[in-house]
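This is the structure I want to talk about, given as structure tokens.
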Amino acid sequence: LRRAGVKFKMYPRIVGNPDFLVGQRIAVFCDSSFWHGRNWKRLKAQLERGSNASYWVAHIARNRSRDRRVNAALRRMGYEVLRFWDDEVFGRPADCMTKIKKAAAAES
């Protein structure tokens, strides 16, 4: 974000504790594929075959549910919510920046 010249705040104290607040109203989350349940059907099936399955399935399901509630709450408050998966942030950062810049331009 700094290199791209985008103004942001890290870990702003707003609903859901996003990783960044870009401009005044763009909440950016960088989500771990595991903790936030990417490819949930496949991950859930994998967890169900593992140790302490009920704990892990419930834990990740709660995280996913919380993410949906946070997104809805922020949108009701007038924020745009952008969520990026960890592999997007590390593997295709330019694509993430394009989406952030596009949202910031629309905000202006």
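The values are calculated or read from the model by the stated rules, or taken from the named source; none is laboratory data. What you see is a predicted model, and the numbers here were worked out from it, not measured in a lab. When we count neighbours, we look across all protein chains shown, and the Cβ atoms used for this are built from the backbone with ideal geometry, even at glycine. In case anyone asks, the SASA skips ligands and DNA or RNA and just uses the protein heavy atoms, side chains included. Shrake-Rupley method; radii C 1.70, N 1.55, O 1.52, S 1.80 Å.
Ignoring any ligand, DNA or RNA, what whole percent of the accessible area of the chain comes from carbon and sulfur when the probe is 1.4 angstrom? Please report the intermediate quantities before stating the final value.
Values: 3810 of 7320 Å².
After summing per-atom areas, the C and S share lands at 52 percent.
Provide Rg and Dmax in Å for region 29-106, with only Cα atoms included in the calculation.
When restricted to Cα atoms, region 29-106 yields Rg and Dmax of 14.9, 47 Å.
Specify which residue in the list SER32, LEU74, ALA61 is farthest towards the positive end of the charge dipole of the chain, using unit charges on the beta carbon of Lys, Arg (+1) and Asp, Glu (-1), about the Cα centre.
Of the candidates, LEU74 comes out farthest on the positive side.
Please report the antiparallel percentage of the DSSP beta bridges confined to the chain, to the nearest 5.
50 percent
In degrees, nearest 10, range 0 to 90: what is the angle between the Cα axis of helix 93-107 and the longest Cα principal axis of the chain?
Its long axis makes an angle of about 50 degrees.
Given the Cα-Cα distance of ARG3 and ARG64 and 0.36 nm per residue of separation, how much length would full extension add, in nm?
Length difference between fully extended and current span is 18.8 nm.
Provide the gained length on full extension for the span ARG76 to ARG92, in nm with one decimal, where the gain is 0.36 nm per separating residue minus the Cα-Cα distance.
The ARG76-ARG92 span can extend by a further 2.8 nm.
Tell me the per residue accessible area of the chain using a 1.4 Å probe; a whole number in Å² is fine.
68 Å²
For the chain, what is the charge dipole size about the Cα centre, in debye to the nearest 20, if Lys and Arg each add +1 at the Cβ and Asp and Glu each add -1 at the Cβ?
Dipole size: approximately 240 debye.
Near the amide H of ASP31, under 5 Å away, which other amide H atoms are found, from residues 5 or more places off or on another chain, if H is placed in the peptide plane?
PHE84, TRP85, ASP86
At 7 Å along Cα-to-Cβ for each site, give me the label-to-label distance between ARG42 and MET10 in nm.
3.2 nm
Next question. Sketch the reach of a paramagnetic label on PHE34 as a point 7 Å from Cα along Cα-to-Cβ, and name the residues of region 44-69 whose backbone nitrogen lies under 17 Å away.
Those under the cut-off are 44-64.
Could you tell me what a quarter of the Cα convex hull surface of region 1-43 works out to, in nm² with one decimal place?
Answer in nm², one decimal: 3.9.
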